[in-house]
Amino acid sequence: MRKSFGLLLLALLLAPEVWAETPEIPLVIKDHRFEPATVKVPANTKVMLVVENRDATPEEFESHDLHREKVIAGGKTAKIAVGPLKPGTYKFFGEFHEDTAQGAVVVE
Ligand SMILES: [Cu+2]
């Protein structure tokens with residue numbers, strides 16, 4: 001019984017979907033700024049930006065470089081899939097507070 005349970009666990013751990021899970025990159029919006037302002041992600045890999053808006057006001061995550069645009073209500077979290085990307089710097093900003101909310105995804 002114990003042995004088959006162990007084998008089941010092993011099978012689950014080795015299941016392709018577990019290994020293929022998209023890495024999540026946390027980002028926080030606070031005082032209309034991104035924290036961190038720069039995130040590093042591996043090249044040629046799909047990643048999930050998990051953007052938590054800790055401000056009371058909505059913000060729009062926008063990136064021309066990444067072709068992404070998403071409004072995140074105050075106190076909410078949004079997931080934004082990006083990549084796979086070639087090495088380089090991909091800028092993003094908060095469209096509602098563009099003067100302060102600036103950031104970049106650095107792919108290397
Ligand atoms: Cu926009």
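By a straight-distance test (C-alpha under 20 Å), which aspartates and glutamates pair with LYS76 as possible cross-link partners, with residues fewer than eight away in the same chain excluded?
Within reach: GLU24, ASP31, GLU35, GLU52, ASP55, GLU59, GLU60, GLU62, GLU95, GLU98.
Please report the antiparallel percentage of the DSSP beta bridges confined to the stretch 22-107, to the nearest 5.
Percent antiparallel among DSSP bridges in the stretch 22-107 is about 70.
Excluding LEU85 itself, calculate the net charge of residues whose Cβ lies under 14 Å from the Cβ of LEU85, where each Lys or Arg counts +1 and each Asp or Glu counts -1.
Net local charge, LEU85 excluded: +3.
For the stretch 98-108, in order, what is each residue's ³J(HN,Hα) by Karplus, 6.51 cos²θ - 1.76 cosθ + 1.60 with θ = phi - 60°, in whole Hz (x at glycine and Pro)?
5, 5, 10, 7, 10, x, 8, 9, 9, 9, 9
Please rank VAL47, VAL71, fewest neighbouring Cβ atoms within 10 Å first, as an exposure proxy.
Going from sparsest to densest Cβ surroundings: VAL71, VAL47.
We did not get these values from a lab; they are worked out from the coordinates using the rules stated. In this text, all values refer to a predicted model and were calculated from it rather than measured experimentally. Neighbour counts run over all protein chains shown; Cβ positions are idealised from the backbone, glycine included.
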